[in-house]
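Structure first, then comments.
Values in this text are rule-based calculations from the coordinates and carry no lab data. Just so it is clear, the structure is predicted and the values come from calculations on it, not from any experiment. As a convention, Cβ positions derive from the backbone with ideal geometry for all residues, glycine included, and neighbour counts pool all protein chains shown.
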Amino acid sequence: MSERHHAAAIVPARDIDASEAFYRRLGFETVGDYGDYRLMEDGRGWNLHLRATPDWPRRVEDNPLGLYLYVENVDAVAETVRDLILEPQGPHTRPWGTYEFSLSDPSGALIRIGRVLD
């Protein structure tokens, strides 16, 4: 990946420490800590910037932010966060051609993790 051409999502965090711990469970590491602003990456191309936003909506239904993280082994990632998966059946095939599951981060952002089916 070129360092000159990539994208990073800026993710509002009601509790930046709780959000940092959540994203660590998904394989992110903190590479920059500026108090109310933290840079995280997974070393394979995912980049997040957590921004302390105490007044951000708490419930996923009220939160306009969502992230889709594409992975090769959906089930392996699901095992690391099984207790946080929103759907009782866990990862499953969706009508739009993906195999995925959903989570809500500590600030209520919808996180979908999946892969496109062949």
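Here is how the numbers come out for the structure above:
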| item | result |
| --- | --- |
| Summed side-chain charge close to residue 52 - residues other than residue 52 whose Cβ falls under 9 Å, Lys, Arg +1, Asp, Glu -1 | +1 |
| Rounded tilt (10° steps) of 16-25 against the dominant C-alpha axis of the chain | 40 degrees |
| Rounded to the nearest 20 debye, dipole of segment 9-116 from Cβ charges on Lys, Arg, Asp, Glu | 220 debye |
| Gained length - residue 118 relative to residue 10, 0.36 nm times residue gap less alpha-carbon distance | 35.8 nm |
| Signed unit charges on C-beta, dipole axis of the chain, positive-most listed residue 106, 19, 69 | 69 |
| Stretchable slack from residue 18 to residue 61, in nm (0.36 nm times residue separation minus alpha-carbon distance) | 13.5 nm |
| Equivalent ellipsoid, segment 9-116 (semi-axes from 5 times Cα gyration tensor eigenvalues, Å) | 23, 16, 11 |
| Positive-end residue of 80, 28, 7, charge dipole of the chain with Cβ unit charges | 7 |
